[in-house]
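The values are calculated or read from the model by the stated rules, or taken from the named source; none is laboratory data. No experiment lies behind these values; they were computed from the predicted model shown. Here the Cβ positions follow ideal geometry from the backbone for every residue, glycine too, while neighbour counts run over all protein chains shown.
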Amino acid sequence: MEANTTELRYGLESFRKDWRHCAIGSDFLAGTHCSSPQNRELASTAINEMLELAFKAGADASKSWVQTAIERSEMSLSLDLTIKDALIAELNLAIVDFQSSPDGYFERYLGHESPGILFGLSFLAHDLNAKVALTMSIDALHLQVLLPLLPLPEPVWED
Amino acid sequence: MGGLIAIGRLRVSSEFDDEFYLGLPKSLAPWDAANHVAQFLSAWLEETLKQRQFSVDSLNYVINELMENAIKYAADGRIELAVCVANDALLVSLTHPLLESRAKIYQALAQQVFEADPELLFAEIIERNTDADAGEQTGAGLGLVSLRQNYQAGLAFGFQRQDSSEIVQTTTQVSLPWQ
């Protein structure tokens, strides 16, 4: 693990028990890198979208797991998420559609009754100006999001 | 120090099997890292163990106390925190490596906290703190004894010397009675 990275890995079975686990995980990850409430909220929203995708894309909750890593540079957060044992075949078309234009994906599906599995990600690109990249391997989906933060002074705590 | 040395009864019991790996940035201060872990796990367990009656604030305090000590004093290696459900209590166990010299100090402290009347020991440590010069370290054990005194928690400790090394795997177990 990199010295300045927060990592969280857990099985998707937990989500089946309670959806709120998603928010608890994203609040934790956001809190370790953002002290200002506004940036913490922003980061938590982005991570929550990624974890929700993990829930939807996990093939078998008893086997699938999700690993997230978050690292902060001065004005942005780099978010990496791996969904092991993901529904790659089912996601293939959506990913091609998304990668052709994340912003366009958002416009196309806005207001749809079933807006598509990647709509949350396109929201990050469209509304939060995040750069989103998706890659696939045989049984895993990798997600990378570079999220710009608000230019707010972060409180500095004395040890 | 050789074999397993136990102070109190270390218990194992479980009815759920969520498992996490958490890695935290080194830039976080120990108290901040402990606080993040405590808040995350107590919120998670509040959701997972909805059918049980327990104080989330107490659980948060216990995890925070154990994690803070582990982050400050542990030798290089993994810190493992396990939460188990027993009939009468929620068991929180934290295991981490300690250098042998530090493990001996902790073992003596654990023995004292385990055997003493918590009310008397709590008052004694506070008194020592009040009398001490500024900056002097006199509060050792206050966190552990406050778990007994203020949270009615049970304590148990285990010390296991690793083969041919100066490392002692140290376990601190806190049992929080159901309400």
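Regarding residue B:92, is this residue within 23 Å of residue B:56 (Cβ to Cβ) and touching a residue at least 60 places away in the same chain (Cβ under 8 Å)? Spelling it out, residue B:92 is indeed within 23 Å of residue B:56 (Cβ to Cβ) and touching a residue at least 60 places away in the same chain (Cβ under 8 Å). Put simply, of A:39, A:48 the only residue that is closer than 16 Å to residue B:44 by Cα, at pLDDT 85 or above and polar (S, T, N, Q) is A:48. Scanning the stretch A:27-41 for residues that are away from every other protein chain (no Cβ under 12 Å) and assigned to a helix (DSSP H, G or I) yields A:37, A:38, A:39, A:41. Within the stretch B:75-103, being outside any strand (DSSP E or B), among the hydrophobic types (A, V, I, L, M, F, W, C) and surrounded by fewer than 19 Cβ atoms within 10 Å (Cβ to Cβ) holds for B:75, B:79, B:86. Screening residue A:11 against (1) away from chain B (no Cβ under 12 Å); (2) out of contact with any Leu (no Cβ under 9 Å at 6 or more places or on another chain) leaves a single unmet condition, (1). Can you find, within the stretch A:79-111, the residue that is modelled with the highest pLDDT among those that are within 17 Å of residue A:52 (Cβ to Cβ) and over 18 Å from the mean Cα position of the chain (by Cα)? Only one residue tops the list, namely A:109. Applying the set (1) under 21 Å from residue A:66 (Cα atoms); (2) free of Cβ contacts under 8 Å to residues at least 60 places away in the same chain; (3) of a type outside the set (Phe, Trp, Tyr) to residue A:121 leaves exactly one unmet item: (2). Going residue by residue through the stretch A:60-67, is there one that turns out to be aromatic (Phe, Trp, Tyr) and either loosely packed, with under 14 Cβ neighbours inside 10 Å or not in a helix (DSSP H, G or I) (or both)? For the stretch A:60-67, residues aromatic (Phe, Trp, Tyr) and either loosely packed, with under 14 Cβ neighbours inside 10 Å or not in a helix (DSSP H, G or I) (or both): present.
Condition (residue is surrounded by fewer than 20 Cβ atoms within 10 Å (Cβ to Cβ), out of contact with any His (no Cβ under 6 Å at 6 or more places or on another chain) and assigned to a loop (DSSP other than H, G, I, E, B)) applied to the stretch B:40-48: is it met by at least one residue? Within the stretch B:40-48, none of the residues are surrounded by fewer than 20 Cβ atoms within 10 Å (Cβ to Cβ), out of contact with any His (no Cβ under 6 Å at 6 or more places or on another chain) and assigned to a loop (DSSP other than H, G, I, E, B). Looking only at residues of the stretch B:35-76 that are small (Gly, Ala, Ser) and closer than 18 Å to residue A:25 by Cβ, we find that the one that is nearest to the other protein chains (Cβ to nearest Cβ) is B:43.
Here residue B:99 does not fit the description of being within 13 Å of residue B:171 (Cα to Cα) and either touching a residue at least 12 places away in the same chain (Cβ under 8 Å) or of a type outside the set (Ser, Thr, Tyr) (or both).
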